[in-house]
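Asker: Take this structure, written in structure tokens, and hold onto it; I'll ask about it next.
Each reported figure results from applying straightforward, stated rules to the coordinates on display, with no laboratory input. These figures come from a predicted structure and were not determined experimentally. Positions of Cβ are backbone-derived with ideal geometry, glycine not excepted, and every protein chain shown enters the neighbour counts.
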Amino acid sequence: MCTLPNKTSVREFISRRSVYLMILPPLAISVLFMLAPTVSVLLLSFNKGTTVTFDPTRITLENYFSIFTRPTTYIVLRDTLGMSLLATLMTFIIAYPVAYFLAFKVENFRLQNVITFLLVIPYWVDWSIRSISWLSILGREGIVNYLLLSLGLTQTPIAELLFTRWTLLIIWIQTNVLFMLFPIYLALSRVDPELLDVAQSLGATPSRSFYHVTFKLSLPGVVVGSMFVFVSTIGDYVTPALWAGGLQMLGLTVQNYAWLFQWPFASAYGVLLLAVTMAVIYVLLKVVNIKQVFYE
Amino acid sequence: MKTLLGIYTAIVMFIFMLPIFLVIVLSFNAEQNIALPITRFSLYWYVGEATHSGFRSGILNDPYILRVISNSVLLGVSTALIATPLVTVSALSLRRKFHGRDMFFYLLLLGFIIPPIISGLGMNILYKTIGVREYSLWTVLPLHVVYTVPFGLILTLARFDPEMIEYENAARSLGANEIRVFSKITLPLIRAEVISAFIFAFTLSLGELLRSSFVIAGIGTIPTYVYNQMSVQAPTPKWFALGTLTTIISFALLMVVALFLTRKIRRITY
């Protein structure tokens with residue numbers, strides 16, 4: 001019997017070591033294909049011209065000087081941040097009640113799964129094909145104009161439904177709503193209903209117990225969802241080009257220079273995009289400690 | 001309150017599903033345009049037109065489009081097959097305390113924090129630096145794997161049963177070795193998460209365009225193909241037929257995967 005503690009500690013020692021073996025493959029892949037490309041962008045932004053491989057002997061800050069002395073940079077930055085944050089906020093407002101309904105009001109677990117499955121299906125239609133379908137909704141002969149005309153609300157079809165920044169916003173919300181909904185739903189379904197009973201029996205009004213218990217416990221889901229929507233919109237260079245009617249965005253700028261083979265200049269704009277993204281993510285992670293929910 | 005929320009959910013889901021619904025319905029439009037109402041239904045965009053030398057111009061007899069579809073599916077399945085074990089291993093190791101755990105977590109999370117255009121651009125620069133000149137379908141694969149892993153990880157971690165460790169310890173104290181513990185206790189408990197990680201990885205890979213377009217060459221995937229075509233061609237129901245077809249293929253494929261994984265894991269367990 002006295003050998004037992006010893007035995008477990010040996011086993012513990014082995015299993016503690018084995019963690020490092022376990023994390024090796026994901027670690028290697030992340031470093032090679034995530035960290036290394038990002039560092040490549042960072043390094044190349046200090047070169048000039050059309051080179052695509054980093055030359056450490058020709059380091060210059062010229063790209064950054066020219067970026068920050070252009071007034072358009074600030075306009076693009078403002079538009080990009082504004083649109084992304086607005087899309088994130090609106091996706092959150094739209095998705096939260098749905099996630100709440102799924103987690104608390106649909107008691108049938110099977111039905112919950114069916115609804116979440118239904119929500120995944122639209123993602124199998126290719127993204128670009130899905131975005132064309134907005135022509136059939138918002139276009140000159142689209143459903144919305146058809147409804148407006150038949151209701152007599154307008155005499156001629158409204159062309160301004162497409163190719164404005166609102167179109168972009170609608171498409172972004174539609175594309176991203178699932179990625180906001182899902183983390184919130186996961187967080188909400190982990191909320192212990194007994195906590196709500198406790199809050200209520202201690203005299204909290206429903207709105208107070210919602211805010212102090214349910215909402216606060218779902219914040220990690222909100223943060224994860226917001227992170228996703230923000231990142232995928234701020235780095236998007238295709239949807240704005242197709243639907244925003246000439247609105248210049250940061251991702252689009254990066255891509256334009258990349259198309260001209262101005263790799264270092266594109267990289268410098270890329271670093272600006274990365275810095276802005278990281279700053280917003282940092283603030284979000286400051287608000288809520290998400291790792292705590294996931295593994296502590 | 002409940003009915004109000006229910007109505008709201010129904011409306012949101014309706015708007016959310018509307019584009020896909022239109023894609024499916026309009027793919028059967030016999031005309032060139034992609035607007036309602038449909039005057040004549042046909043399978044023209046799928047099987048094409050009967051000519052002397054057989055059917056033409058439908059997606060099902062366009063060898064190029066069929067290659068595009070099979071490329072996408074192949075890439076999606078490969079991504080999911082690589083990402084799912086990585087997700088499982090990462091999620092299980094994050095339950096233990098070890099040096100650099102937070103670093104590890106945030107590093108994996110980078111896959112979803114770094115804007116897509118940076119990954120694409122960076123991978124392109126990296127490939128050129130290490131001397132990869134020729135791009136193909138497979139040069140995209142690493143990007144898809146690092147992009148899909150964090151999603152699966154968050155999904156899996158969020159749904160872990162907190163009591164799982166106790167079951168595992170119980171098995172260990174009864175003398176089970178680590179492999180037995182994993183196959184008899186851990187894997188059955190996380191079965192649903194493993195399956196959903198697979199489905200998510202496949203779905204995300206299938207729709208990925210922003211990263212891929214920097215490091216892909218050749219026939220490409222459905223998103224890169226449609227994206228390139230969009231600038232040369234006016235939209236016709238042909239794209240919608242393509243979208244409907246991929247939905248059907250994905251659905252069938254994932255059903256098979258879900259069934260197979262369920263069976264397989266059950267066989268290990270019992």
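Asker: How far apart, in nm, are two points set 7 Å out from the Cα along the Cα-to-Cβ line at A:THR69 and at B:MET255?
Answerer: 6.4 nm
Asker: Still on this structure, please answer the following. Specify which residue in the list B:GLY243, B:LEU187, B:MET13 is farthest towards the positive end of the charge dipole of chain B, using unit charges on the beta carbon of Lys, Arg (+1) and Asp, Glu (-1), about the Cα centre.
Answerer: So the residue furthest toward the plus end is B:LEU187.
Asker: Then there is this: Please give the charge dipole size of the protein assembly as shown, origin at the Cα centre, charges +1 on K and R Cβ atoms and -1 on D and E Cβ atoms. Round to the nearest 20 debye.
Answerer: Values: 39 positive and 25 negative charges, 228 e Å.
Computed charge dipole of the protein assembly as shown: roughly 1100 debye.
Asker: Still on this structure, please answer the following. May I ask you to list the GluC sites (Glu not before Pro) in region A:83-178 that are in a DSSP loop and have at most 13 other Cβ atoms within 10 Å of their Cβ?
Answerer: Numbers: sites: A:GLU107, A:GLU141, A:GLU160; in loops: A:GLU107, A:GLU141.
For GluC sites (Glu not before Pro) across region A:83-178 that sit outside H, G, I, E and B with at most 13 neighbouring Cβ atoms in 10 Å, the list reads A:GLU107.
Asker: Is region A:54-207 rounded, prolate or oblate when judged by the Cα gyration tensor, a ≥ b ≥ c being the square roots of its eigenvalues, rounded requiring a/c under 1.5 and prolate requiring a/b larger than b/c? Write down the numbers at each step before the final one.
Answerer: Working: a/c = 2.15, a/b = 1.27, b/c = 1.69.
Oblate, because a/c is 1.5 or more while a/b does not exceed b/c.
Asker: With point charges of +1 on the Cβ of Lys and Arg and -1 on the Cβ of Asp and Glu, referenced to the Cα centre of region B:63-269, which listed residue (B:ASN124, B:PHE98, B:MET255) lies farthest in the positive direction of the dipole?
Answerer: It is B:MET255, whose Cα lies furthest towards the positive end.
Asker: Could I ask something else about it? Using alpha-carbon pairs under 8 Å, 6+ residues apart, how would you state the relative contact order of region B:63-269 in percent? Don't skip to the end; give the middle numbers.
Answerer: Working: 194 pairs, mean separation 74.5, N = 207.
Relative contact order of region B:63-269: 36 percent.
Asker: Dipole magnitude of chain A about its Cα centre, charges +1 at Lys/Arg Cβ and -1 at Asp/Glu Cβ only, in debye to the nearest 20? Write down the numbers at each step before the final one.
Answerer: Details: 18 positive and 13 negative charges, 114 e Å.
Around 540 debye, computed over chain A.
Asker: Still on this model: Which entries in A:LYS216/B:LYS2; A:LYS48/A:LYS286; B:LYS97/B:LYS128 show an alpha-carbon gap greater than 30 Å? Provide the component values of the computation, followed by the final result.
Answerer: On the way: A:LYS216/B:LYS2 21 Å; A:LYS48/A:LYS286 36 Å; B:LYS97/B:LYS128 39 Å.
Exceeds cut-off: A:LYS48/A:LYS286; B:LYS97/B:LYS128.
Asker: Extension gain B:LEU81-B:LYS2, at 0.36 nm per residue separation less the Cα-Cα distance, in nm? Write down the numbers at each step before the final one.
Answerer: Numbers: separation 79, 0.36 × 79 = 28.44 nm, distance 4.05 nm.
Working it through step by step, the gained length comes to 24.4 nm.
Asker: Classify region B:173-236: rounded, prolate or oblate, from the alpha-carbon gyration tensor (a ≥ b ≥ c, eigenvalue square roots; a/c under 1.5 rounded; otherwise prolate if a/b is larger than b/c)?
Answerer: Cα axes put region B:173-236 in the prolate bin.
Asker: Among A:VAL120, A:SER18, A:ILE75, which residue has its Cα positioned farthest towards the positive end of the charge dipole of chain A, with +1 placed on the Cβ of Lys and Arg, -1 on the Cβ of Asp and Glu, and the dipole taken about the Cα centre?
Answerer: The Cα lying farthest towards the positive end belongs to A:SER18.
Asker: Excluding B:TYR227 itself, what net charge comes from residues whose Cβ is under 14 Å from its Cβ, given Lys and Arg +1 and Asp and Glu -1?
Answerer: Here the count lands on -1.
Asker: Would you mind computing, in nm to one decimal, how far apart the modelled labels at A:ALA275 and B:GLN233 are, each placed 7 Å from Cα along Cα→Cβ?
Answerer: Going from the A:ALA275 label point to the B:GLN233 one covers 4.3 nm.
Asker: Let me ask something else. Do the sum for chain A: with -39,500 (n - 2.57) for every DSSP H run of n ≥ 4, divided by all residues, what is the mean residue ellipticity at 222 nm, to the nearest 500 deg cm²/dmol?
Answerer: Details: 15 runs with 210 residues, N = 296.
Computed mean residue ellipticity for chain A: -23000 deg cm²/dmol.
Asker: For B:MET164 and A:VAL198, what does the FRET efficiency come to when R0 = 30 Å and r is the distance between their Cβ atoms, rounded to the nearest 0.05? The partial results should precede the final answer.
Answerer: Working: r = 26 Å, r/R0 = 0.87.
So, using R0 = 30 Å, E works out to roughly 0.70.
Asker: Right, something else. I'd like the distance separating the alpha-carbon centroids of region A:254-296 and region A:31-51, in whole Å.
Answerer: 14 Å
Asker: If you take the square roots of the eigenvalues of the alpha-carbon gyration tensor of chain A and sort them as a ≥ b ≥ c, do you get rounded (a/c under 1.5), prolate (a/b over b/c) or oblate? Kindly include the intermediate steps, with their values, before the conclusion.
Answerer: Values: a/c = 2.18, a/b = 1.10, b/c = 1.98.
Here chain A falls in the oblate category.
Asker: Counting other beta carbons within 10 Å of each residue's own, what order do A:LEU274, B:LEU108 fall into, fewest first?
Answerer: On the way: A:LEU274 23, B:LEU108 26.
With the fewest neighbours first, A:LEU274, B:LEU108 line up as A:LEU274, B:LEU108.
Asker: May I ask for the net charge around A:GLY49, where only other residues with Cβ less than 12 Å from the Cβ of A:GLY49 are counted and Lys, Arg are +1 while Asp, Glu are -1? Don't skip to the answer; put the middle values down first.
Answerer: On the way: positive: A:LYS48, A:ARG58; negative: A:ASP55, A:GLU62.
Residues near A:GLY49 contribute 0 overall.
Asker: What is the average number of partner chain Cβ atoms found within 10 Å of a Cβ in B:203-210? Display every interim value, and only then the final one.
Answerer: Details: counts 6, 2, 0, 5, 10, 1, 7, 9.
That works out to 5 on average.
Asker: Now for a separate question. Is there a quick way to get the dipole size of region B:63-269? I mean about its Cα centre, with the Cβ of Lys and Arg at +1 and of Asp and Glu at -1; what is the value in debye to the nearest 20? Please report the intermediate quantities before stating the final value.
Answerer: Numbers: 18 positive and 9 negative charges, 78 e Å.
Dipole size: approximately 380 debye.
Asker: Right, here's the next one. Which residue, B:LEU153, B:LEU126, B:LEU204, tops the fluctuation ranking in a GNM of chain B built on C-alpha contacts under 10 Å?
Answerer: Residue with maximal mean-square fluctuation among B:LEU153, B:LEU126, B:LEU204: B:LEU126.
Asker: Moving to a separate point now. When only Cα pairs under 8 Å and 6 or more residues apart are kept, what is the percent relative contact order across region B:15-105? Don't jump to the answer; show the numbers that get you there.
Answerer: Details: 59 pairs, mean separation 10.9, N = 91.
Rounded, it is 12 percent for region B:15-105.
Asker: With r defined as the distance between the Cβ atoms of B:LEU110 and B:LEU66 and R0 fixed at 41 Å, what FRET efficiency is calculated, to the nearest 0.05? It would help to have the intermediate numbers written out before the result.
Answerer: Values: r = 36 Å, r/R0 = 0.88.
Once rounded, the FRET efficiency stands at 0.70.
Asker: Further question on the same structure: Do me a favour and compute the ellipsoid semi-axes for chain B from its Cα gyration tensor, root of five times each eigenvalue, largest one first, whole Å.
Answerer: Each semi-axis is √(5λ); the values are 40, 25, 19 Å.
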